[in-house]
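Quick notes on the structure that follows.
The values are calculated or read from the model by the stated rules, or taken from the named source; none is laboratory data. What you see is a predicted model, and the numbers here were worked out from it, not measured in a lab. Cβ: placed from backbone, ideal geometry, glycine included. Neighbour counts: every protein chain shown. These area figures cover heavy atoms from the full protein model, side chains too; ligands, DNA and RNA do not enter into them. Shrake-Rupley method; radii C 1.70, N 1.55, O 1.52, S 1.80 Å.
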Amino acid sequence: MKTQLRINQPDLKGEGTGSPSNQEALVQMRGITKRFPGVVANDGIDLDLYPGEIHSLLGENGAGKTTLLNILSGIHQPDEGTISVRNEVVHFKSPHDALEHGIGTVYQHFALVPNLSVAENVILGLNTAWILDLKGAERRIQRTMEKFGLTIDPHLQVQYLSLGQQQRVEIVKVLFRKPKILLLDEPTSVLTPSEVGELFRMVKQLRAEGVGVVFITHKLHEVLELSDRITILRNGQRIGAVTPEELANQTHEEISNHIVQLMFGGVPEEETEGTYAPRVSEEIVLTLEGITILDSQGVAAVRNLSLELRAGEILGIAGVGGSGQKELLEAIAGQLPVAQGNIRLGERLGEIDLTNKGVPFAMKMGIAYITDDRIGEGIITDLSVAENSVIRRIDKRPMSRWMLLRWQAIFDFANSLIGAFDIKVPSPQILAGTLSGGNIQKLLLARELSADPTVLMCNQPTHGLDVKTAQFVWKTLREQASMGAAILLISSDLDELLKLSNRVGVMYNGELLEVLSIEAADRETVGRLMLGERS
Amino acid sequence: MEVEAFITVLLSASLRASIPMLLAALGEAYNEKGGILNLGIEGMMLGGAFSGFAVALITGSVFLGFMTGVAVGAISGLIFAYLSVTLKLDQIITGIGFTILMVGLTGFLYRYFYGRNFPTLGVSKKTLAIPFLSKIPVIGPVLFDQHVVVYLTLLLIPLLHWILFHTTFGLNIRAVGETPGAADAAGVNVAQIRYLVAVFAGAMAGLGGAFLSLGNLSLFVPGETQGIGYIAIAMAMLGKWSPYRVFIGAWLFGMVESLAVGLQIIAVPVQPEFILMLPYVGVIVAMVFLARNARLPAKLMLPYERGER
């Protein structure tokens, strides 16, 4: 009946999505809502996928793209909404169910077994026969790879492959099952340009064969090159789409303007409360010179980055999550080794080399770092608030003497922080792990600021906090800056960055693309840089 | 001739002595490959030993005794799987708790029912000689004049190896212990596989325990396993979860044990306690030298939560 309707009314558009008149949708997701503790990851999202099209999902971090994809691949179950595959309503209880319906997924974090061979990984879970026919499987894998122009030795153990090769194994694994629907979650983030070309060629070949592809990426030019349809998510909601007709009739520039506007624009500027006059001095406090940081895989997370930070300024670093911002802060804090370049502190008072000197030295020199992983890295959940508050200075008087703790001094100190930062806690003896996120953040701020840092680094300082606590954090950061501290701020909340910062730097793929003055930094400009589009 | 007789007796006795631990270790190797560490093996062996003994005593059927031992082990494994896979409880605490429970329970039941007259099963001829083959010098008596369970175990070793490395089921087990997330994404039922290996490990421990009280000794004494359940866990790791290597390790352990007994018989002037300690020392030394580079399955002891990294 539904199909009938569509044939009769070819112009009918579901929620602004153009629907090809003569084709039945492969996937229809309607009103998908998924809640996780404390967040609504997907809020009534609709998504259509037709055979032979590439449908891109765009959105900032936390917009809900991966959650939506994981719902379609059976990892998560939606709280509300329906999914139909070829007009049949489905309820996926596990990835197995989704696979049965011809849905193949290449996950953002690979789903490979490192100590198995390529062939074993490819046929894992197929369970076609009881006896493992590796020889036969290898032949069939070779045939699949030949068809798509891929090469990889099926005997190799996956753990010895590069990330790009592992990606290829993931793709072979999916192709081997001849999917009708292919889900790709940020498949290009680990690939070299030539590997990206190979991937795109293959995706286009699949499209020609009638496979429907959902493609998640952060890179605008990739979206424009590949997509037949684009859906844009923001804060868990579907806020717009680009239809095939629009893609066909508009220039790339028009479309990209439209997308940037949808992703980042249209938010009224909030008024800055109180009078806040930044007093940025000329004194350079921290100098980074051409630093390169490698991640655990040996891939550069930060490339040849140089930066100067002045006393009294707040420098915001924008960027899609995983662009190297976290690694940058961790290297300055002494947690991550720097492969190249150097980090120096101070100018007038004689420079101090901070490069690869470790955490205690950085702390001693006045570097404070407030992590985004408050519970895992910020506090020790099984110690009391008092113990957590003195953890940086527990080996010094008056907190301890001759290695014996002096509880009176510790409690006095903790109480002074609790009072000054209005931490809601009945007693300093309570376990820190029982505090709310906002109070943990206040405790971290209090602890780090009590050391009177010259450089304060914050990663997502208000993420997950209520408005009141967030405002408290903002006020505190501004006060610190006006008292002469240099602040380096990472946030995925662009509004926060633009509100607090004196300058805004944008990182993309490990590089600092540009540092803008606050006057030049508006949402669209920063957003465009975050997607790798240099102006 | 005397040397030949000595070697024959040593090999034959040590093979037989190694069977309880070998069975438990083979089961545990599968278990660990699938991501479950069962420290309750010791207790499950005791459960198998006691229940097998009791049923054999009541019914007069050693076969039923063995079956009971296997069933008690399998049920214990099922309970363990429920606690560790479904309820996602800590495997170390669950396992140790299981062992402590079984030590107490079997000791209590033994004293309650048999504490006055200390019954034993009638001594019967326990070996089944295979015609012709058992007449080959050395190899014959060692491999072809043994208890039925010894034959069964020897046949199980290549079978278990084949299942683990040459079937899709075995592939699923290896994947589930290493990266359950990847296995799940590929359509493998992680919980199902983990339940199966846990039940299998329990059944093997139960059979091993039953062999102790029905095959080796014909009687049950509280604490009969003397820690060999724990040695089995070490042996599974030492053998890097390969049934063949586990077999070799277990037989060597049995040999040191038999040698210790042998030395006592020929009255070497050392303390018997010192000699009885030797096999355990051997395991510790072997662990130090051989297990240092053994890479445990990456998700051993970790419950699987979908969507977590």
Number of positions in the range A:87-108 that are aliphatic (A, V, I, L, M) and either within 12 Å of chain B (Cβ to nearest Cβ) or in contact (Cβ under 8 Å) with a residue 40 or more places away in the chain (or both): 4
Residue satisfying all of: in the range B:19-62; β-branched (V, I, T) and within 17 Å of the chain's Cα centre (by Cα); farthest from B:A232 (Cα to Cα) among these: B:I36
Pick from the range A:47-69, criterion open to solvent by less than 20 Å² (accessible area, probe 1.4 Å) and outside any strand (DSSP E or B), ranking: nearest to A:E225 (Cα to Cα): A:E53
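Yes or no, residue by residue, for (1) at positive phi; (2) of a type in the set (D, E, K, R); (3) more than 14 Å from chain A (Cβ to nearest Cβ); (4) assigned to a helix (DSSP H, G or I):
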residue	(1), (2), (3), (4)
B:G170	no, no, no, yes
B:G206	no, no, yes, yes
B:L214	no, no, yes, yes
B:V221	no, no, yes, no
B:T225	no, no, yes, no
B:I233	no, no, yes, yes
B:K240	yes, yes, no, no
Enumeration of residues in the range B:214-241 that are of a type outside the set (A, V, I, L, M, F, W, C), touching a helix residue (DSSP H, G or I) at 6+ places or on another chain (Cβ under 7 Å) and within 24 Å of B:A175 (Cβ to Cβ): B:G239
Inter-residue pairs, beta-carbon under 6 Å, first touching a residue at least 60 places away in the same chain (Cβ under 8 Å) and in the range B:15-28, second of a type in the set (S, T, Y) and open to solvent by 10 Å² or more (accessible area, probe 1.4 Å), 6+ apart: B:A17/B:S258
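Looking only at the range B:185-199, which residues are over 19 Å from B:Y82 (Cα atoms) and buried (at least 23 other Cβ atoms within 10 Å of the Cβ)? Talk me through it step by step, then tell me what you get.
At the first step, the residues of the range B:185-199 found to be over 19 Å from B:Y82 (Cα atoms) are B:185-187.
B:A185, B:A186, listed by residue number.
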Test: residue in the range A:352-367 that is assigned to a helix (DSSP H, G or I), in contact with a Lys or Arg (Cβ under 9 Å, 6 or more places away or on another chain) and either at pLDDT below 90 or on the phi < 0 side of the Ramachandran plot (or both): yes
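Results for (1) open to solvent by 60 Å² or more (accessible area, probe 1.4 Å); (2) at pLDDT below 80; (3) assigned to a loop (DSSP other than H, G, I, E, B), shown as yes or no for each residue.
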| site | (1), (2), (3) |
| --- | --- |
| B:G229 | no, no, no |
| B:M237 | no, no, no |
| B:I275 | no, yes, no |
| B:Y280 | yes, no, no |
| B:R292 | yes, yes, yes |
Members of the range A:392-433 that are surrounded by 15 or more Cβ atoms within 10 Å (Cβ to Cβ), under 36 Å from the mean Cα position of the chain (by Cα) and assigned to a loop (DSSP other than H, G, I, E, B): A:R392, A:R393, A:F421, A:I423, A:V425, A:P428
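Determine whether the range A:26-46 contains at least one residue that is modelled with pLDDT of 80 or more and assigned to a loop (DSSP other than H, G, I, E, B).
Narrowing the range A:26-46 to residues modelled with pLDDT of 80 or more: A:26-36, A:40-46.
Retained after the next criterion (residues that are assigned to a loop (DSSP other than H, G, I, E, B)): A:26.
Within the range A:26-46, one or more residues are modelled with pLDDT of 80 or more and assigned to a loop (DSSP other than H, G, I, E, B).
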Conditions (1) over 22 Å from B:G73 (Cβ atoms); (2) of a type in the set (G, A, S); (3) at pLDDT 80 or above; (4) open to solvent by 20 Å² or more (accessible area, probe 1.4 Å): number failed by B:G223: (1)
In the range A:110-140, residue most open to solvent (accessible area, probe 1.4 Å) [restricted to those that are within 7 Å of another protein chain (Cβ to nearest Cβ) and not in a loop (DSSP other than H, G, I, E, B)]: A:I131
